[in-house]
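Asks: Structure provided below as structure tokens; questions to follow.
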């Protein structure tokens with residue numbers, strides 16, 4: 001056995017990652033309780049902590065994750081620079097390493113090549129995969145490697161991360177004559193919180209929650225995780241449509257990253273926000289609901305009405321078709337509006353009237369389809385079990 005193999009077996013854990021992750025957590029468990037009473041009299045410690053947690057966390061979610069890993073939108077050079085600097089302060093490696101791991105996770109989710117495969121256990125997916133001895137090459141990020149800003153961040157990751165991490169806490173700490181308190185809360189505790197809220201998406205979001213869009217993988221939607229992960233908790237949606245700039249797709253679902261990107265898009269700082277068409281989302285939810293209802297029907301008593309399963313499937317298919325037809329009608333009108341200059345005013349008015357009549361028909365078909373689906377769904381839910 002060669003020397004390299006002996007060293008690998010002797011040291012199964014990465015010394016640097018182990019010392020850093022375990023050391024910051026251990027120090028935080030000791031120092032934060034000791035600082036807590038003092039911090040209650042110094043609101044600036046909590047303000048710096050909250051601001052840094054939000055800024056660096058957003059650097060991970062809006063930058064590392066949705067922009068660089070998934071290309072869910074396009075950003076101007078200043079925005080990309082800021083997000084890369086904030087991402088470096090997460091101390092979760094450079095974006096080249098981060099995106100390489102994350103793209104492998106999506107490509108091989110729940111499989112042997114998934115870097116943080118939940119099948120190897122909750123704690124493995126949470127952080128043991130980070131501190132194990134790894135020799136994984138950077139793969140699947142050729143698009144990022146062509147970006148000079150990304151290459152700059154990769155070369156200077158620790159310098160950038162250190163400067164961004166210390167700048168605000170040290171400045172405020174010196175200004176308030178409370179450097180130690182701001183280092184404990186704004187640096188130490190912030191680093192620990194950033195790490196473990198990110199890690200929760202790899203672990204808890206693959207164990208706890210619902211799967212409203214797909215059951216082909218372990219990813220779950222978890223509304224409790226969303227506020228502390230800046231919207232990343234809706235993980236089942238994300239694994240279904242990883243290129244959408246949103247994770248919390250419904251207006252009321254907590255996704256600060258989605259809201260921030262929408263504001264930045266309005267300001268012209270980002271553009272090209274990619275979205276899944278609403279009918280596609282509804283169809284996926286309907287398919288999952290149909291699957292659950294058919295499973296319920298299979299467990300029902302023999303007294304279940306004959307042909308109810310056929311009725312249920314037919315109702316879902318008709319609803320799918322009605323949703324698709326309505327969406328196509330809307331898209332056709334958007335295309336027609338783009339050609340408005342080529343039409344005379346009278347011709348355009350005529351086309352608009354025809355479109356409104358077609359939309360009214362589509363909406364009527366959709367109402368009928370919803371009623372059929374609702375009736376079939378209700379019939380299944382009222383069944384008694386043997």
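The values are calculated or read from the model by the stated rules, or taken from the named source; none is laboratory data. As the structure is a computational prediction, the values presented were derived from the model and not from experiment. Note that each Cβ is placed from the backbone with ideal geometry, even for glycine, and that neighbours are counted across all protein chains shown.
Asks: Filtering the stretch 222-235 down to residues that are surrounded by fewer than 24 Cβ atoms within 10 Å (Cβ to Cβ) and without any contact (Cβ under 8 Å) to a residue 24 or more places away in the chain, which residue is nearest to residue 246 (Cα to Cα)?
Replies: Here is the first cut: in the stretch 222-235, the ones surrounded by fewer than 24 Cβ atoms within 10 Å (Cβ to Cβ) are 222-228.
Those left that are additionally without any contact (Cβ under 8 Å) to a residue 24 or more places away in the chain: 222, 224.
On the way: 222: 15, 224: 17 Å.
My answer is 222.
Asks: Also, quick follow-up: Among the residues of the stretch 79-119, which ones are farther than 16 Å from residue 205 by Cβ and without any contact (Cβ under 8 Å) to a residue 24 or more places away in the chain?
Replies: Of everything in the stretch 79-119, those that are farther than 16 Å from residue 205 by Cβ and without any contact (Cβ under 8 Å) to a residue 24 or more places away in the chain turn out to be 82, 108, 111, 112, 113.
Asks: Tell me which of these residue 295 doesn't satisfy, since it passes every other one: (1) at pLDDT below 70; (2) loosely packed, with under 12 Cβ neighbours inside 10 Å.
Replies: Of (1) at pLDDT below 70; (2) loosely packed, with under 12 Cβ neighbours inside 10 Å, only one is false for residue 295: (1).
Table: residues versus (1) in a helix (DSSP H, G or I); (2) under 18 Å from the mean Cα position of the chain (by Cα).
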residue	(1), (2)
80	yes, no
86	yes, yes
90	no, yes
98	yes, yes
106	yes, yes
110	no, yes
114	no, yes
119	yes, no
124	yes, no
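Asks: In the list 9, 17, which residue meets the criterion of being modelled with pLDDT under 95, in the same structural domain as residue 180 (by TED's automatic domain parsing), more than 30 Å from residue 177 (Cβ to Cβ) and in contact with a strand residue (DSSP E or B) (Cβ under 9 Å, 6 or more places away or on another chain)? Show your work before the answer.
Replies: Details: 9 fails: in contact with a strand residue (DSSP E or B) (Cβ under 9 Å, 6 or more places away or on another chain).
Just a single option satisfies the conditions, and that option is 17.
Asks: Then there's this: Within the stretch 133-169, track down each residue that is closer than 28 Å to residue 47 by Cα and buried (at least 16 other Cβ atoms within 10 Å of the Cβ).
Replies: Across the stretch 133-169, the qualifying residues are 153, 157, 160, 161, 164, 165, 166, 168, 169.
Asks: How many residues are part of a helix (DSSP H, G or I), closer than 12 Å to residue 72 by Cβ and either touching a helix residue (DSSP H, G or I) at 6+ places or on another chain (Cβ under 7 Å) or free of Cβ contacts under 8 Å to residues at least 12 places away in the same chain (or both) if we restrict to the stretch 242-275? Show your work before the answer.
Replies: Of the residues in the stretch 242-275, the ones part of a helix (DSSP H, G or I) are 256-267.
Right, trim to closer than 12 Å to residue 72 by Cβ and you get 257-258, 261, 265.
From the residues that got through so far, the ones that are either touching a helix residue (DSSP H, G or I) at 6+ places or on another chain (Cβ under 7 Å) or free of Cβ contacts under 8 Å to residues at least 12 places away in the same chain (or both) too are 257, 261.
Selection size over the stretch 242-275: 2.
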